[in-house]
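The block underneath contains the structure these notes are about, expressed in structure tokens.
The values are calculated or read from the model by the stated rules, or taken from the named source; none is laboratory data. Because the structure is predicted, anything quoted here is derived from the model rather than measured. Cβ atoms come from the backbone with ideal geometry, glycine included; neighbour counts cover every protein chain shown. Just the protein is used for accessible areas: all its heavy atoms, side chains included, with ligands, DNA and RNA removed. Shrake-Rupley method; radii C 1.70, N 1.55, O 1.52, S 1.80 Å.
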Amino acid sequence: MEKLVALTKRRGFIFQSSELYGGVNGAWDYGPLGVELKRNVKDAWWKAMVRDREDVVGLDSAILMHPMVWRASGHVANFADPMIDCKKCKKRYRVDEIQPDYEETGIVPTQCPDPKCKGELTPARKFNLMFETVLGPVADSANKTFLRPETAQGIFANFINVTNSTRIKVPFGIAQVGKSFRNEINPRNFTFRSREFEQMEMEFFCKPGSDDQWFEYWVEERKKWYASLGIKMEKLRFRAHDKEKLSHYSKATTDVEYQFPFGWGELEGIANRTDFDLRAHQIGMRSVGRWKGEELQDFQLVDEDPEFAGGKLSYFDEEEKRRYIPYVIEPAAGADRATLAFLCDAYDEDDAGGEVRVVLRLHPRLAPVKAAILPLVKKEGMPERARKLYDALKKRWPVVYDESAAVGRRYRRQDEIGTPFCFTIDGDTMKDGTVTMRERDSMKQERVSEDAVVRLVEERLEG
Ligand code: ATP
């Protein structure tokens, strides 16, 4: 892990936020290569989840939402972790991290887990993970809202808008990629647990009764997605939650986990959320007229009524000629965690002629730079010829031109950032129009026609 973290900094993938000022915990900046890599991850998700399908549409909802959204969704009351402090060393812990059976047993540790400290711990208390903020210049409770801790609620809040403005019919999904914020007690493991991160979430609305099937379907689809991007399947596991441990809104949940150098970690949660969220917002909508801007914690939502299934957030099924509240299957993934998993998975060191070669074996579709164009020497017309090839490729993909240092070193530089192909222009190019194509993983070199390069790259990337 240390080697990967050092590489991502050295080569401009990921930097700590505000490093200039000593850094800020739980926030990360993606550098020139990192932004391309993460964008490729998000694009691959968007392509598989939206573009390649007829039953899913996209959305980009605001991060700031009406405070009642978070009351109705249950986040104000429940989106909290149990927290505990050491009275002696002042360290702060998440109780379930130092006492893994805390949720089942309720056992609260009493001594600081740091063997050098062993100080007395405070009682456990709930710590809400939402960041508070104020809408407008007056900081009273009516203007207080939160930075969204998940993108999903923006989707539920737009359910009516989407069904009214498109011709899409149940079963269908709404997908969204965007920033979320959680004031994690202990951000750690590089970008894995951050306070600001990006999610890739899709809510798939289906007829009650068909939900179990759709749930299985989406677990399979997500497995295919990771496989299609070359992740090592032995490092990926799909862990179904025990029925007793499911969150209150969920009928079934399967976590997609990756074996990071620091242990297994969740990349994505696939949940059958039933009709919980749409029902919750129906109650929220009915209640909002009574809300006079008091503290959200004290505000009571109007109770469920028997007319419920016919409420505003219900769906009229034209085939069945009846209204119901759709069930929802949610594959919710993290863009930063997926990016980190692809990086860890790709990192490799091999022996290249007695020397250690560091190589990122990223899938060509994820690689931030698709090809490097290298004139063998800086003379005899090679740079000009190489530039021409570079210009042709640059129109289509992010590629680099590099004429500095020995060609072997230039190959290593590209290996380290995961560039799948290098094209070298040499003396023969000037004679017969062929170039050397060098492949990152095998280091195999072959002569190909200059005119075939664009097509070859295209085939490898899109074929
Ligand atoms: P965890 O148990 O690890 O805190 P979670 O179960 O609370 O995660 P969800 O609410 O299911 O996570 O969020 C969906 C996805 O969003 C996660 O699978 C993960 O990829 C991503 N995610 C959640 N919290 C964070 C975070 N603090 N930093 C980075 N990504 C996150």
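Here is how the numbers come out for the structure above:
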item: Anchor LYS235: lysines whose Cα lies under 16 Å away (excluding residues fewer than 8 positions away in-chain); result: LYS223, LYS224
item: Spread of Cα-to-Cα distances over 10 Å intervals beginning at zero, given as percent, for the range 393-443; result: 22, 54, 24, 0
item: Percentage, to the nearest whole number, of Cα pairs in the range 210-293 over 18 Å apart; result: 56 percent
item: Cross-link partners of LYS179 among aspartates and glutamates (Cα-Cα below 12 Å; sequence separation of 8 or more within a chain); result: ASP60, GLU150, GLU196, GLU198, GLU201, ASP336
item: Global size of the range 141-210 as Cα Rg and Dmax, reported in angstrom; result: 15.7, 45
item: Approximate shape of the range 80-128 as ellipsoid semi-axes (Cα gyration tensor, √5λ), whole Å, largest first; result: 17, 12, 8
item: Cβ-based charge dipole, the chain, positive-most Cα from VAL177, GLY209, ASN164; result: VAL177
item: Rounded accessible area per residue of the range 359-407, 1.4 Å, Å²; result: 47 Å²
item: Gyration tensor over alpha-carbon atoms, the range 420-463, equivalent ellipsoid semi-axes in Å; result: 19, 13, 6
item: The chain, helix-only ellipticity at 222 nm - DSSP H runs n ≥ 4, -39,500 (n - 2.57), divided by all residues, nearest 500; result: -8500 deg cm²/dmol
item: The range 41-155 - Kirkwood radius from inverse mean 1/r over Cα pairs (Å); result: 17.6 Å
item: Other-chain or far-sequence residues with amide H under 5 Å of VAL134's (modelled H); result: THR145
item: Equivalent ellipsoid semi-axes - Cα gyration tensor, the range 369-462, angstrom; result: 18, 15, 13
item: Disulfide-incompatible cysteines by the Cβ rule (no partner under 4.7 Å) in the chain; result: CYS206, CYS344, CYS422
item: Of all accessible heavy-atom area on the chain, the percent that carbon and sulfur account for (1.4 Å); result: 50 percent
item: Accessible-area value, SER18, 1.4 Å probe, nucleic acids and ligands omitted, Å²; result: 60 Å²
item: The range 300-431 - Rg and Dmax from Cα coordinates, angstrom; result: 27.2, 84
item: Shape box of the range 1-85 [Cα atoms, principal axes, largest first, Å]; result: 48, 44, 22
item: Calculated from backbone phi, Karplus (6.51, -1.76, 1.60) coupling profile of the range 231-237 in Hz, x at Gly/Pro; result: 5, 5, 5, 6, 9, 10, 9
item: Whole-angstrom Cα spans of the chain along principal axes, big to small; result: 83, 67, 47
